[in-house]
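Engineer: Okay, handing you the structure first.
The values are calculated or read from the model by the stated rules, or taken from the named source; none is laboratory data. Everything quoted here is computed from the prediction, not taken from an experiment. Please note: Cβ atoms are built from the backbone with ideal geometry, for glycine as well, and neighbour counts cover all protein chains shown. Calculation scope for accessible area: heavy atoms of the full protein, side chains included, ligands and nucleic acids excluded. Shrake-Rupley method; radii C 1.70, N 1.55, O 1.52, S 1.80 Å.
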Amino acid sequence: MLKQNNFIPCMCNSKLATMKFFLSVLFVLGCLTSCNQESEWIYLFDGETTDGWRGYNAEVMPPGWTVSEGTLTFNTENRLESEYIGGRDIIYGNEEFENFEFYVEWKLGEGGNSGILYHVKEGYNGPYEASPEYQLIDDLKWGEINSGSLDNWQKTAADYAMHEADQNLVLIKPSGEWNTTRIIFTPSKVEHWLNGKLVVSFVPWSDDWNKRKANGKWRDFPDYGKHKKGFIALQDHDSPLSFREIKIRIL
């Protein structure tokens, strides 16, 4: 009986130790999963420097781009569309991206105009010649300031000159206020999000996509949209800009 009594506690202790071991393993796995999920995001802007960024077709940052109070800012005179100069576009040059989810917060000056371009390759007159663009523009004031009007394919969140943003869902904030953008790119679907709303969805390189390219603004740009991997670019279109929380994760 004494041997039996001594044996039973031993079994209990063994089971308890085994249970503790498995709980520890589950805890560690949970922590690792959480850490991996958080580390999926690659921050393209550290909030303090322009590390990783440079001018398009250049080795250094163009004049006007600075870091201020945690934002990547472009300081310039706000010119009318008829006075357009531009040419100080920048790219994140440390890495090229293929399939991804991109996130950024941004704001424009009154009547401002810019864009986020992806699959960017250098060697062209500008990123727009070969790269799709998520349009950024002050829909609310651009027309008044420039004495004109915008077509829907020119408005914020559009796949510029290809796919219009759903104007029933677009809720752009006034100039000087922060907006949020998400771009999700895969070969089976592209999504443009603005302030938490999905406003554009299309299939790249589909028959419809090719038809739009052939019959629209890009018909004379044979390389438009052909690159399946490239840099991320931010466009200078002669207006003050601010960006923060610039990050991407590979899909």
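Engineer: Is it true that some residue in the range 71-88 is open to solvent by 60 Å² or more (accessible area, probe 1.4 Å) and among the aliphatic types (A, V, I, L, M)?
Structural biologist: Yes - at least one qualifying residue is present in the range 71-88.
Engineer: Could I ask something else about it? For residues that are open to solvent by less than 60 Å² (accessible area, probe 1.4 Å) and either under 14 Å from E191 (Cα atoms) or in a loop (DSSP other than H, G, I, E, B) (or both), tally how many sit in the range 118-163.
Structural biologist: Number of matching residues: 23.
Engineer: Let me ask something additional. Taking only pairs six or more apart or across chains, which ones have beta-carbon atoms under 8 Å, a first residue in the range 72-83 that is among the basic types (K, R), and a second residue that is surrounded by 14 or more Cβ atoms within 10 Å (Cβ to Cβ) and assigned to a loop (DSSP other than H, G, I, E, B)?
Structural biologist: So the pair list comes out as R79/D238; R79/S239.
Engineer: Test L72 against the criterion of being within 26 Å of L171 (Cβ to Cβ) and either in contact with a helix residue (DSSP H, G or I) (Cβ under 8 Å, 6 or more places away or on another chain) or in a loop (DSSP other than H, G, I, E, B) (or both), and give yes or no.
Structural biologist: No.
Engineer: Taking the range 50-69 on its own, how many of its residues are closer than 17 Å to V104 by Cβ, assigned to a loop (DSSP other than H, G, I, E, B) and not charged (D, E, K, R)?
Structural biologist: Total satisfying the criteria: 2.
Engineer: Quick check: anything in the range 36-43 modelled with pLDDT of 80 or more and either part of a strand (DSSP E or B) or within 24 Å of Y128 (Cα to Cα) (or both)?
Structural biologist: Scanning the range 36-43, I find at least one residue that is modelled with pLDDT of 80 or more and either part of a strand (DSSP E or B) or within 24 Å of Y128 (Cα to Cα) (or both), so the answer is yes.
Engineer: Of everything in the range 232-246, what is aliphatic (A, V, I, L, M) and either open to solvent by 20 Å² or more (accessible area, probe 1.4 Å) or over 14 Å from the mean Cα position of the chain (by Cα) (or both)? Give them in sequence order.
Structural biologist: Across the range 232-246, the qualifying residue is only L241.
Engineer: Condition first: in a strand (DSSP E or B) and crowded, with 16+ Cβ neighbours inside 10 Å. Now tell me which residues in the range 89-104 satisfy that.
Structural biologist: I90, I91, Y92, G93, E96, F97, F100, E101, F102, Y103, V104
Engineer: Going by what's in this entry, would K229 be described as more than 24 Å from N113 (Cβ to Cβ), open to solvent by 20 Å² or more (accessible area, probe 1.4 Å) and not aromatic (F, W, Y)?
Structural biologist: yes
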